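Working notes for the structure below.
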Amino acid sequence: MAYRTRKELMLKIEKLQKQLEKMSDENSSLWFMLDELDKSNITNPEYFKHIATAIENIRKSKLMVPKEVGEA
């Protein structure tokens with residue numbers, strides 16, 4: 001069984017704490033990215049209603065614009 005000094009153990013603890021911070025930050029970044037991917041999925045029924053409403057509004061506004069200017 002290998003014995004370690006207090007200094008070695010403290011250095012090991014510091015190293016592990018830095019790794020923990022790095023992994024926690026990476027974990028939160030990955031969860032954020034996953035949420036953004038989910039929000040960008042237009043086939044998601046939660047967002048499809050808003051997209052359908054926006055498309056309908058564009059169609060209505062397109063009908064309000066005259067196609068070409070002609071003689072009166």
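The values are calculated or read from the model by the stated rules, or taken from the named source; none is laboratory data. The structure displayed is predicted, hence computed values, not measured ones. Every residue, glycine as well, gets a Cβ built from its backbone with ideal geometry; the counts of neighbours run over all protein chains shown.
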State all residues of segment 41-56 that are touching a Phe, Trp or Tyr at 6+ places or on another chain (Cβ under 9 Å) and at pLDDT 70 or above; if no residue qualifies, say none.
Asn41
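One line per residue, one yes/no per condition, for (1) without any contact (Cβ under 8 Å) to a residue 24 or more places away in the chain; (2) loosely packed, with under 10 Cβ neighbours inside 10 Å; (3) of a type in the set (A, V, I, L, M, F, W, C):
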| position | (1), (2), (3) |
| --- | --- |
| Glu8 | yes, no, no |
| Lys12 | yes, no, no |
| Lys15 | yes, no, no |
| Asp25 | yes, no, no |
| Lys39 | yes, no, no |
| Ile51 | yes, no, yes |
| Asn57 | yes, no, no |
| Leu63 | yes, yes, yes |
